[in-house]
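Engineer: Please find one structure pasted underneath; my questions will follow.
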Protein chains: 2
Amino acid sequence: MNPIGPVNALYPMPTTLVGATVNGKPNFLAVAHVGILNHGTPQYLSIGLGKVHYSNAGIQENRTFSICMPSEDLMVETDYCGIMTGKKTDKAALFDIFYGELDTAPMIRQCKINMELRLHDVLDFSTHDIFIGELVQTYADDSVMTDNTIDVSKLRPLLFDMASKKYWSLGPSIGNCWNAGKSLKGK
Amino acid sequence: MNPIGPVNALYPMPTTLVGATVNGKPNFLAVAHVGILNHGTPQYLSIGLGKVHYSNAGIQENRTFSICMPSEDLMVETDYCGIMTGKKTDKAALFDIFYGELDTAPMIRQCKINMELRLHDVLDFSTHDIFIGELVQTYADDSVMTDNTIDVSKLRPLLFDMASKKYWSLGPSIGNCWNAGKSLKGK
């Protein structure tokens, strides 16, 4: 076991498209530096955006944003949203946009799962704004549901790994949580 | 696209074993509600722990914790660490423990990647403590490295999805980040 420096190895993470209204128009950027803060209601999620990004001011202004979950078949569009800046490019033109309960959290019909969030807090790190959102509503396409539950094997999320700079697919399920470990009880 | 209530769909997430010193002894719990806050140095990561957990007081007291990355072959042990509480069970006895630069962030030799963190801040949510750590050092086993970089295909991380309550494996890589989207440029 060798020290390799403070290398962030908390991967893979789900790649998302974060939607915001910026200067009155919808914009999307690719974000995999996300977080789940708690489990419950209200549900809080975080996104970490470098301060150079175009969307930060819009999220601050409107206090809303969306987290849209692209499937594997949107890899090219998702990557494009990570390469281009909304300062110069109308990235929303790639997608069919819709809105839910909030007026300023654009979401994407081509993404089979979309979440709209109200801004709860902002953590001001030196180079990044960490936007903490309270989940308001989740929208799901029937094609990724099984028994009224989101089916991750149908969603085919796009996973991101920084070390390889690659997108990865989801493999098969391999065991049941809060169950697989029972065999060690009493040993 | 149908509203399904505020269902957290930000999955799968990497399943980790978080190590802490509690009442003078090493303890580990399974945590997949994690986050990447920024990208840079210092690197900040978050873990969200329900306040009922045994480890919270130890992280507050010692201001250190570890994030250990179990591979698929540690699914049973990892799940056990999510089922049992350190109040009653010596979960550290499952593993060969080691320490790095910090004296109170126990790590696991059976995990091929381990990170030790210094506590940077705590966000006090009603039912959860969100521990934000500054990454101090990362330890890697040679068996998961390729060309001096962590190779996620060798690590075989254990992915967690709440909807299915299952662990999932990583599938094949499917494209290059900051590259796949170039084909849309100028269209």
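The values are calculated or read from the model by the stated rules, or taken from the named source; none is laboratory data. These numbers were taken from a predicted model, which means no experiment stands behind them. Using ideal geometry, Cβ is built from the backbone for each residue, glycine included, and neighbour counts are taken over all protein chains shown. Quick note on the areas: whole protein, heavy atoms, side chains included, nothing else; ligands and nucleic acids left out. Shrake-Rupley method; radii C 1.70, N 1.55, O 1.52, S 1.80 Å.
Engineer: Before we go on, tell me the buried accessible area for the B/A pair, both chains summed, 1.4 Å probe, in Å² to the nearest 100.
Structural biologist: It comes to approximately 8300 Å² buried between B and A.
Engineer: Given H placed 1.01 Å from N in the peptide plane, which residues other than close sequence neighbours of A:Val136 have an amide H under 5 Å from its amide H?
Structural biologist: Placed amide hydrogens put A:Glu116, A:Leu117, A:Arg118 under 5 Å from A:Val136.
Engineer: Sticking with this one: Using a 7 Å offset from Cα along the direction of the beta-carbon, what are the separations from A:Pro172 to the same position in each other copy, nm, ascending?
Structural biologist: 1.6
Engineer: Please report Rg (one decimal) and Dmax (integer) in Å for the Cα set of region B:72-171.
Structural biologist: Cα only, region B:72-171: 15.3, 45 Å (Rg, Dmax).
Engineer: Another question, then. Can you tell me the FRET efficiency between B:Thr85 and A:Val76 if r is taken as the Cβ-Cβ distance and R0 is 41 Å, rounded to the nearest 0.05?
Structural biologist: That pair, B:Thr85 with A:Val76, gives E of 0.35.
Engineer: Can you give the mean number of other chain Cβ atoms that lie within 10 Å of the Cβ atoms in peptide A:8-21?
Structural biologist: 6
Engineer: Just checking the output field for A:25-38: average partner chain Cβ neighbours within 10 Å of each residue's Cβ?
Structural biologist: 5
Engineer: Report the FRET efficiency, 1/(1 + (r/R0)^6), for A:Ala57 and B:Ile4, where r is their Cβ-Cβ distance and R0 is 35 Å, rounded to 0.05.
Structural biologist: Calculated transfer efficiency: 0.70.
Engineer: For B:Asn148 and A:Asp124, what does the FRET efficiency come to when R0 = 30 Å and r is the distance between their Cβ atoms, rounded to the nearest 0.05?
Structural biologist: That gives a FRET efficiency of 0.30.
Engineer: If you don't mind, there's one more thing I want to ask. Return, in residue-number order, each cysteine of chain A whose C-beta is not under 4.7 Å from any other cysteine's C-beta.
Structural biologist: A:Cys81, A:Cys177
Engineer: Find every distance from the label point of B:Glu61 to the corresponding label point in the other copies (7 Å from Cα along Cα→Cβ) and write them in nm, one decimal, shortest first.
Structural biologist: Going from nearest to farthest copy, the values are 5.0 nm.
Engineer: Further, regarding this structure: Considering all projection directions equally, how large on average is the shadow of the alpha-carbon convex hull of chain B, in square nanometres?
Structural biologist: Value for chain B: 13.7 nm².
Engineer: For chain A, with the dipole built from +1 on Lys and Arg beta-carbon atoms and -1 on Asp and Glu ones, taken about the Cα centre, which of A:Phe95, A:Leu45, A:Ser183 lies farthest toward the positive end?
Structural biologist: It is A:Ser183, whose Cα lies furthest towards the positive end.
Engineer: Sort largest first and round to whole Å: the equivalent ellipsoid semi-axes of the protein assembly as shown, each the square root of five times a Cα gyration tensor eigenvalue.
Structural biologist: Calculated on Cα positions only, the semi-axes equal 33, 21, 21 Å.
Engineer: Counting residues in region B:21-80 as N, plug N into 2.2 N^0.38 Å and put the Cα Rg over that result.
Structural biologist: Dividing the Cα Rg of region B:21-80 by 2.2 N^0.38 Å gives 1.23.
Engineer: Check which residues have an amide H placed less than 5 Å from A:Gly171's amide H, if you skip close sequence neighbours.
Structural biologist: Amide H neighbours of A:Gly171, under 5 Å, 5+ apart: B:Ser169, B:Leu170, B:Gly171.
Engineer: Here is a further query. Shortest first and in nm to one decimal, what separations exist between B:Val122 and its copies in the other chains, measuring from label points 7 Å along the Cα-to-beta-carbon line?
Structural biologist: Inter-copy label distances (nm, one decimal, shortest first): 2.7.
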